[in-house]
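See structure below.
What follows draws every value from the coordinates through simple rules; no lab data is involved. The structure presented is a predicted model; accordingly, all values stated were derived computationally and were not measured. Because the Cβ atoms are built from the backbone with ideal geometry, glycine has one as well, and the counts that use them run over all protein chains shown.
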């Protein structure tokens, strides 16, 4: 197996574990998910400062700084919406809808970056939208079949839009010789929005309490470590292999999240059984397959 393919497979497997861990964290938060958001901001700020300090010998590139900060702030808004959606809905429904973001990049790139979008790409987007509808299906009996609470799905959709904007901004501003400057400011951009949550009444005083909770801090550190490893694996795959194929392989992430959730629900039904609802598994599998197919088609264009 080529090294790039191994790394490309490792990245979504790690990211999927982060998705499940974050769902567990926000479910355990008795007061507000913004405690977790605030600490993500702290770690992103630290990472950003360290990266910029290491890249200080490259000088200062205003374009890289502007692009990195804009892209990072868009990602942070996306992550906040995504975490709220996770708190309100099933991880197996939220992640596939959030993962529509690669498909949203195509029309945005056509509109703002003068990239062409083919008829096949349009059909792929339609296929993925149909998949999103299937994933949203709540199931139940004949009298209760519906799409359930639409708020988590709408929040996940909004998160996908902001993530797509971030990707387009990265494409516009990112250059090889200023990569680390861009990446450092990008992490600071993420921290900019996240750290504002410390001003919320329900978060004030929470940092000291969180530090006294080794379980909470351990989960936050584990999530950030997994994210870092996932990014290293993805960037390594992009560096060694064709980016279109790397993106196509990454589309297995919603499927891996579903498999993780199914396994956890089977092993520990009292704690994770609510992650899956009877009557939704078949439409969710079909929806995930449609979204995955759409992302693969777009990536191989």
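Within 10 Å, count the other beta carbons around each residue, average over each peptide in 85-95, 256-266, 225-235, and list them highest first.
Numbers: 85-95: 24.9, 256-266: 18.5, 225-235: 16.7.
For the peptides 85-95, 256-266, 225-235, the packing ranking is 85-95, 256-266, 225-235.
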Can you compute the modelled spin-label distance between residue 49 and residue 154, with each label point 7 Å from Cα toward Cβ, in nm? 3.9 nm
